Amino acid sequence: MTKTLLPLPLWSLAIPPLACALLAALWGGEHGGLMLAVTGAALIASVLVAVYHAEIIAHRLGEPFGTLVLAMAVTVIEVSLIVSMMLSKGPGVDALARDTVFATVMIICNGVIGICLLSGSIRHHTIAFRVDGTGSALSVLVALTMLTLVVPEFTTTTPGPTYSPSQLIFAGLSSLLLYGIFVFVQTVRHRDQFLPVDLPGNTEESHHPTPLQAGIALALLFVSLVAVVGLAKLLAPAIQSGVDAMGAPASVVGIAIAMMVLLPETVAALRAAAANRMQTSLNLALGSALATIGLSIPAVALVAHLLGTPLTLGLPHKEIVLLAVTLLVSTITLAGGRATVLQGAVHLVLFFAFLHLSIVP
């Protein structure tokens, strides 16, 4: 029997508009340490509220629609941020999409999946998920990452790690088509392959929000995510200063921002893993990675074509090796349908290797 969800708590209604008001007040100015601390606290609060509202929507729509809403919402705002920075024509914008997509894939496949596998298996020993669903998502991810991040490094029509106009159009349309087919398979044709495995210890609650509550939660989810992305961008100069002080490459800034933007999905995936719903965690993680490529590449390809600016897509050789190892290990991890602390530890080691080699190339 389902339970009607209690009225939405006041904090879940108040934090999103307050965070956006803080964002509007601080936008464009210079801030000291106190305001940066306030900004960081508002960012964390916005992440927690976004996860709360995403779970309300998930309970209303059911799986895998609930996880898809959060993944799509974050990705649309992230793509908007990338496109707006490209339109500014600042330094390094030609490689911005590549660096963001690569960082997102590495953070999700190693960091998010690794911590979910580790935390879930520590609590439940052996965790289970559906091979057919996760395998389908991973196969699409391998195809998209190879097409958009690796192949441009080896094409000869144009100099450097770039695509020619016709190649770029093909890559953009292929990315959009593959992602669209995946969403159709996940939500319509083979939805059962992405449903959580029914196991002892699965603590998914049966609260059933009303349509009004779900509608309010959807609106506040988008407001919260706008605040998350905006506040993360406000913190970017402080992160840049720290990166410069360490003497690390500029790409580390993009990694830090990507990690902050992915916080809502990471928290939601961790909560699902703790409740022994690893399939939900994987739906969130892999769905976010696919959405990032499937929506980002067509969008930036269109912007680059309209502006007549070059678009650097191909990764350097070190990053290609890290990506290949990540995809290989992910394939092995997800092939059996079960995982333990060992698989989680392996993914986390790769994640920290990615971070360390980004700071110390």
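The values are calculated or read from the model by the stated rules, or taken from the named source; none is laboratory data. Owing to the predicted nature of the structure, the values given are computational and were not obtained by experimental measurement. Here Cβ is always computed from backbone atoms with ideal geometry, including for glycine, and neighbour counts include all displayed protein chains.
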Selection count, the range 328-356, where residues are of a type in the set (A, V, I, L, M), at pLDDT 90 or above and surrounded by fewer than 16 Cβ atoms within 10 Å (Cβ to Cβ): 6
Residue in the range 292-315 that is without any contact (Cβ under 8 Å) to a residue 40 or more places away in the chain and surrounded by fewer than 24 Cβ atoms within 10 Å (Cβ to Cβ) present: yes
When residues of the range 19-35 are limited to those that are in contact (Cβ under 8 Å) with a residue 12 or more places away in the chain, surrounded by 15 or more Cβ atoms within 10 Å (Cβ to Cβ) and of a type in the set (A, V, I, L, M, F, W, C), the one farthest from T210 (Cα to Cα): L26
Flag for L286 being in contact with a Leu (Cβ under 7 Å, 6 or more places away or on another chain), hydrophobic (A, V, I, L, M, F, W, C) and within 24 Å of F354 (Cβ to Cβ): yes
Residue within the range 294-308 that is of a type in the set (V, I, T) and part of a loop (DSSP other than H, G, I, E, B) present: no
Residue check, L176 closer than 18 Å to L282 by Cβ and surrounded by 15 or more Cβ atoms within 10 Å (Cβ to Cβ): no
Residues of the range 37-48 satisfying the condition of being modelled with pLDDT of 80 or more and not small (G, A, S): V38, T39, L43, I44
Selection from the range 330-348 of residues that are in contact (Cβ under 8 Å) with a residue 60 or more places away in the chain and not small (G, A, S): T331, T333, L334, R338, T340, V341, Q343, V346, H347, L348
Residues being of a type in the set (S, T, Y) and within 23 Å of R191 (Cβ to Cβ) - total across the range 126-174: 3
Subset tally (residues that are surrounded by fewer than 16 Cβ atoms within 10 Å (Cβ to Cβ) and more than 20 Å from A291 (Cα to Cα)) for the range 136-173: 9
Of residues in the range 294-317 being modelled with pLDDT of 90 or more and out of contact with any helix residue (DSSP H, G or I) (no Cβ under 7 Å at 6 or more places or on another chain), the one farthest from D94 (Cα to Cα): H317
Test set (1) modelled with pLDDT of 80 or more; (2) outside any helix (DSSP H, G or I) - L8 fails condition number: (1)
Residue check for A324: surrounded by 15 or more Cβ atoms within 10 Å (Cβ to Cβ), small (G, A, S) and assigned to a helix (DSSP H, G or I): no
Condition met for G120 (touching a residue at least 40 places away in the same chain (Cβ under 8 Å), crowded, with 22+ Cβ neighbours inside 10 Å and either of a type in the set (G, A, S) or in contact with an Asp or Glu (Cβ under 7 Å, 6 or more places away or on another chain) (or both)): yes
Criterion (assigned to a helix (DSSP H, G or I), out of contact with any Gly (no Cβ under 6 Å at 6 or more places or on another chain) and at pLDDT 70 or above) met by exactly one of A217, A273: A217
